[in-house]
Amino acid sequence: MSKILNYSLLCGVLAGASACQSTNDTPAETITIIETVTVVVTVTQTDSDTQSETITQIDNESMTDTSTDSMTETDTGSMTQTNTQTQTNTESTTDTQTDVNSQCIGEIQESGYCLLWQDEFQEDTLDESKWSYERNCWGGGNAEAQCYVQSPENLWVDGEYLRIQAKREDATGPAFQDDQDGYDINDTSGSGDYTSARIRTLGKGDWAYGKIEVRAKLPFGQGTWPAIWMLPSEGNYDGIWAINGEIDIMETVNLKVDGEQTIHGTLHYGDEYPKNVYSGEEYELPGGASPADDFHTYTIEWEEGEIRWYVDGDHFATQQSAGWYTQGDLEDPHAPFNQAFHIILNFAVGGEWAANVNDKGIDESVFPQELAVDYVRVYGCTHDFETGKGCASVGENFALNEGKQPPEEVVVGETDWTSGEEVLIYIDQLEQPLDYGSFPNDTVSLNSVAELGYGFVAELEYLADNSAAFFFFSNFRGSTGNENISGFDAIEFEYRITQDTREVKDNIYFRADCTYPCTSGSYDIGYPALNEWQFVSIAIDDLAELDLNPSNVNVPFAIYPEVGNQMGVIIQVDNVKVVKVAGSL
């Protein structure tokens with residue numbers, strides 16, 4: 001889950017053009033231009049070199065330019081040249097008028113924006129011609145604690161506001177997100193400790209460029225995670241997060257906990273997980289006000305090459321296309337934020353972010369909590385619907401976020417990384433073509449530490465309770481990004497625990513992924529004595545039985561203490577490899 005047109009009003013006042021035709025009988029060079037204010041220029045020249053010029057202004061809104069040329073010589077020797085130019089350019093203005101009339105459902109604002117779509121939530125039920133429910137216990141890809149359900153106890157419209165309520169309640173439901181392969185609405189294999197709601201406009205409201213405006217009052221308490229955000233509707237770059245992009249108009253966690261009052265506006269982009277990146281800015285209301293105490297308006301203005309964030313009209317952040325990219329199309333400077341996106345409103349509980357900051361975990365006592373939405377409005381820029389440009393409202397004290405750049409490609413030749421007897425992952429250093437990551441980002445630190453008898457080992461310190469450290473194949477270093485290891489026998493490595501300050505010494509787990517949600521899941525590797533190296537060999541066939549697809553592995557190695565109880569653990573790993581003969585260490 002990481003969200004104004006100063007218009008000439010030409011298109012807004014077009015009411016049908018009337019033709020304008022010169023009635024001057026004097027041979028002349030005549031140019032007639034009629035556009036909102038029409039200027040007619042008439043120039044006459046005879047053989048006596050006399051010249052007259054007439055300028056006529058006509059209040060009309062068409063453009064006419066007709067062109068003819070003639071030359072006449074009279075018996076008296078005078079010569080008259082007539083050059084009458086008439087150019088008809090009514091098509092563009094007519095098209096613009098039609099565009100405005102067909103799209104705008106409200107008056108054009110002074111900025112040039114006009115209303116395209118809205119939900120004021122003034123009925124007593126959710127308008128399902130505009131919104132669809134998502135129903136799953138997937139956890140949002142962030143180990144969230146809720147199931148999203150369609151229930152009047154979790155989402156209702158009271159004639160004034162849309163209300164989404166999260167409450168403590170055991171629930172079961174589909175284990176996959178609604179758009180994932182394998183989703184079945186009747187599946188009950190997923191579960192959650194809370195129920196909440198998530199709705200979206202997908203297929204019912206999808207827009208590229210414009211202004212999105214949502215007025216809402218936010219929930220508070222440890223474990224609350226409301227979001228107003230957008231995802232691409234078609235997925236022009238293989239449909240995989242976050243290669244297609246994500247726009248977070250507003251999200252926040254744990255409001256009022258230890259004075260927390262920050263909201264966030266963020267973009268997610270780059271490549272598919274775990275090679276995704278994000279960039280964004282924070283905002284706090286003036287005077288120390290809490291977004292949970294009253295309604296506030298959260299807005300983005302989105303045009304080709306630029307996205308701006310606002311709270312109550314205060315422009316606090318801008319990101320530009322020079323600071324975003326997608327591996328789906330590195331040649332397009334505006335991708336992935338140049339395609340239609342839809343709006344999502346949801347209220348998550350716990351998860352990788354909310355449960356790992358402030359007081360950590362979920363405070364059951366604060367629930368139920370409620371996200372209240374007054375309205376959702378979408379505007380188009382009448383200056384240029386196709387690019388959204390010409391309507392910008394730019395503040396004075398906003399942060400211009402530099403974003404992220406694509407990693408530089410390292411050319412390593414034509415190596416087939418799976419052609420030998422083994423694939424080295426970490427032997428004194430992280431081997432090419434692999435990179436390191438943690439999920440969520442920056443929750444597990446990696447250091448290279450010298451150890452007697454081992455050379456340099458990877459030392460992993462867990463800074464949160466719901467995280468994982470992993471090594472992944474990088475398509476920036478000679479690999480395709482996913483590798484076929486089905487011809488190998490096992491994944492092998494050594495690890496030891498050098499620190500564990502947890503009260504309960506839960507076990508350590510291994511995992512491999514084949515582009516999430518394709519994964520082996522958590523594989524228990526036990527709990528060795530403190531500071532003692534442990535050798536582990538895991539058969540590829542065993543991982544395949546746990547649903548790993550060995551022919552398409554992007555994360556061959558991930559390691560973590562039991563989810564929910566990790567902080568204070570330091571693990572060292574070395575001699576990580578994929579081998580064709582098990583027990584090769």
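The values are calculated or read from the model by the stated rules, or taken from the named source; none is laboratory data. If you're wondering where the values come from, they're calculated on a predicted model, not measured in any experiment. Cβ: placed from backbone, ideal geometry, glycine included. Neighbour counts: every protein chain shown. Just the protein is used for accessible areas: all its heavy atoms, side chains included, with ligands, DNA and RNA removed. Shrake-Rupley method; radii C 1.70, N 1.55, O 1.52, S 1.80 Å.
Accessible surface of ASP513, taken over heavy atoms with a 1.4 Å probe and every protein chain present, rounds to 10 Å².
The fraction of accessible area contributed by carbon and sulfur in the stretch 118-182 is 39 percent, rounded to a whole number (1.4 Å probe; ligands and nucleic acids excluded). Dividing the alpha-carbon radius of gyration of the stretch 260-367 by the rule-of-thumb value 2.2 N^0.38 Å gives 1.25.
On full extension, the segment bounded by GLU364 and PHE456 gains 28.7 nm, given 0.36 nm per residue less the C-alpha separation. For the stretch 463-585, the C-alpha radius of gyration divided by 2.2 N^0.38 Å, with N the number of residues, is 1.05. Computed extension gain for GLN122 through GLU110, at 0.36 nm per residue and net of the alpha carbon distance, reaches 1.7 nm. Specify the inter-centroid distance of the stretch 209-235 and the stretch 520-545, based on alpha-carbon positions, in whole Å. Comparing the Cα centres of the stretch 209-235 and the stretch 520-545, I get a distance of 39 Å. Note on the stretch 321-367: the C-alpha convex hull projects to 5.5 nm² when averaged across all orientations.
Just check the stretch 117-240 against the gyration tensor rule for me: Cα atoms, a ≥ b ≥ c as the square roots of the eigenvalues, rounded for a/c under 1.5, and otherwise prolate or oblate depending on whether a/b exceeds b/c. Note, shape of the stretch 117-240 comes out oblate. Placing a label point 7 Å from the Cα of LEU463 along the Cα-to-Cβ direction, the residues of the stretch 552-574 with a backbone N closer than 18 Å are 559-561, 564-572.
With every protein chain in place and a 1.4 angstrom probe, the accessible-area ranking of ASP574, ASP506, largest first, reads ASP506, ASP574.
With each label modelled as a point 7 angstrom along the Cα→C-beta vector, the GLU153-VAL357 pair spans 3.1 nm. Using a probe of 1.4 Å on the protein chains alone, the accessible area found for LEU330 is around 90 Å².
Each 5 Å bin from 0 upward holds the following percent of the Cα-Cα pairs of the stretch 237-281: 6, 22, 21, 16, 16, 10, 7, 2, 0. Taking a straight Cα-Cα cut-off under 18 Å and skipping sequence neighbours fewer than 8 places away in the same chain, the lysines within cross-link reach of LYS211 are LYS3, LYS130, LYS389. Can you list the lysines whose alpha carbon sits under 28 Å from that of LYS505, skipping same-chain ones fewer than 8 residues off? Reachable lysines: LYS360, LYS577. Rg ratio for the stretch 330-452: its Cα radius of gyration over 2.2 N^0.38 Å, N being its residue count, equals 1.71. The distance separating the Cα centre of the stretch 96-146 from that of the stretch 547-585 comes to 43 Å.
Here the spin labels are modelled as points 7 Å beyond Cα on the Cα-Cβ line, and at SER129 and TYR527 they lie 5.9 nm apart. Taking a ≥ b ≥ c as the square roots of the eigenvalues of the Cα gyration tensor, the stretch 140-205 is classed as oblate, since a/c reaches at least 1.5 and a/b does not exceed b/c. For ARG511, the solvent-accessible surface with a 1.4 Å probe is about 60 Å², rounded to the nearest 10. The modelled label-to-label distance for the pair VAL449/ASP181, using points 7 Å beyond Cα in the direction of Cβ, is 4.0 nm.
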